[in-house]
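Peer 1: Let me give you the structure first, and then I'll get to my questions.
The values are calculated or read from the model by the stated rules, or taken from the named source; none is laboratory data. Treat the numbers as computed from the prediction; the structure is a model and nothing was measured. Counting neighbours? That spans all protein chains shown, and the Cβs are built from the backbone with ideal geometry, glycine included.
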Amino acid sequence: MSLHNHLELMPSVATRAVTVRVSRQFTGTIECVFDAWLDPVTAGSFLFASDAGEVVRTEIDVRIGGRFSFVRRENGTEIRRAGEYLSIDRPHLLAFSLTDNTRKPTVDRVIIELASVGLGSLLVLTHEMGLERYAERHRVESEWRRRLGMLAFICPIPRGAHFSPVQRRSVTLA
């Protein structure tokens, strides 16, 4: 077998995934944290919000195969993030594809896993990207940390609970 034929049988370098993983413990219940991702108003306030722009349009069709779209206006330009729900298992798992109109067409996958921890919850977010986005991995990880920090303010401490939040972060690149 020639080297050329051998290389054709191997997976393309471009299809190897770059994975960013961020985890955070929340004082809010697992249901509150999960539902925040699917409510148009709540999701618009943390998911793709930024200091430089405002979310002007949000559409969410919550079902497997359903689509979502967030449009943010920033410096006169509309930035659109959209995707399709791949898995919904309330309140433990949410997976969706993610595209962005500000860069060449790529489809990322985001997986949200949740577990109850005491009176609060633990969220593990995994963002899978193509190799062409390798240089962006640290920025993506930082953005998700910021978004999860905003989410922490949305899901309050359950009534009667007395504990302080703990935040854990990690990045796994594969």
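Peer 1: Among (1) surrounded by fewer than 16 Cβ atoms within 10 Å (Cβ to Cβ); (2) in contact (Cβ under 8 Å) with a residue 24 or more places away in the chain; (3) under 16 Å from Val22 (Cβ atoms), where does Arg63 come up short?
Peer 2: The failed condition is (3).
Peer 1: Then there's this: Can you list residue pairs whose Cβ atoms sit under 9 Å apart, with the first residue in the range 41-55 being more than 12 Å from Val71 (Cβ to Cβ) and surrounded by fewer than 17 Cβ atoms within 10 Å (Cβ to Cβ) and the second being modelled with pLDDT of 85 or more and among the hydroxyl-bearing types (Ser, Thr, Tyr)? Count only pairs 6 or more apart in sequence or on different chains.
Peer 2: Val41/Thr58
Peer 1: Does the range 44-71 hold any residues that are at pLDDT below 90, outside any helix (DSSP H, G or I) and either under 15 Å from the mean Cα position of the chain (by Cα) or under 16 Å from Arg147 (Cβ atoms) (or both), and which are they?
Peer 2: Within the range 44-71, Leu47, Phe48, Ala49, Ser50, Asp51, Ala52, Gly53, Glu54, Val55 meet the criteria.
Peer 1: Right, next: Checking the condition at pLDDT 95 or above, of a type outside the set (Gly, Ala, Ser) and in a loop (DSSP other than H, G, I, E, B), which residue from Pro105, Pro91 passes?
Peer 2: Pro91
Peer 1: Out of all the residues in the range 102-137, which are within 17 Å of the chain's Cα centre (by Cα), under 26 Å from Phe153 (Cα atoms) and of a type in the set (S, T, N, Q)?
Peer 2: Residues satisfying the conditions are Ser121, Thr126.
Peer 1: Take Val33 and decide whether it is buried (at least 18 other Cβ atoms within 10 Å of the Cβ), touching a residue at least 24 places away in the same chain (Cβ under 8 Å), assigned to a helix (DSSP H, G or I) and β-branched (Val, Ile, Thr).
Peer 2: yes
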